[in-house]
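What follows is a set of notes on a single structure, which appears directly below.
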Amino acid sequence: MGHPAELTPTAGQESDIGQAETLLADHEPEAVIADKGYDSAAFVAVIQSRGAAAVIPPKSNRIEQREYDRHTYKERNWVERFWSKAKQFRRVATRYEKKGANFLAFVHVAAIMVMLQ
């Protein structure tokens, strides 16, 4: 539990939600746990159309507040803990690599090292 299923590099100024549907394409999750940055009616509809539960807290400025499973949302800390461990590797934390492919390779190595611990 807490291991990455897929990693995709993006530009620093690009929002995470732009890659969300692509990342889910080859997976059949029971639930999708994400932070408020993924709160979009369109993305929640995609998750629900795939038969999964959207465990995404609504943004505070949302007109219609949506319910979510607060107990399940607490499991999102696994993602935060993974990245905390992966960023212990300097090349991941400081992004020395200029090319995205090289950086992704080092992120994969860091992920393997985290999973072996």
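The values are calculated or read from the model by the stated rules, or taken from the named source; none is laboratory data. Owing to the predicted nature of the structure, the values given are computational and were not obtained by experimental measurement. All Cβ positions, glycine included, derive from the backbone under ideal geometry; neighbour counts span all protein chains shown. For accessibility, only protein heavy atoms count, side chains too; no ligands or nucleic acids. Shrake-Rupley method; radii C 1.70, N 1.55, O 1.52, S 1.80 Å.
Are there any pairs, at least 6 apart or on different chains, whose C-beta atoms fall under 9 Å, with the first in region 15-36 and under 13 Å from Ile56 (Cβ atoms) and the second open to solvent by less than 60 Å² (accessible area, probe 1.4 Å) and of a type in the set (Lys, Arg), and if so, which? Hits for this filter: Ile33/Arg76; Ala34/Arg76; Asp35/Arg76. Could you tell me which numbered condition Thr94 fails, if it satisfies all but one of (1) β-branched (Val, Ile, Thr); (2) under 18 Å from the mean Cα position of the chain (by Cα); (3) at pLDDT below 90? The failed condition is (2). Scanning region 7-35 for residues that are surrounded by 13 or more Cβ atoms within 10 Å (Cβ to Cβ), in contact with a strand residue (DSSP E or B) (Cβ under 8 Å, 6 or more places away or on another chain) and not in a helix (DSSP H, G or I) returns Ala31, Val32, Ile33, Ala34. Of all residues in region 53-75, those that are polar (S, T, N, Q) have Cβ atoms under 6 Å from Cβ atoms of residues that are in a loop (DSSP other than H, G, I, E, B), 6 or more apart or on another chain, in Gln65/Pro58.
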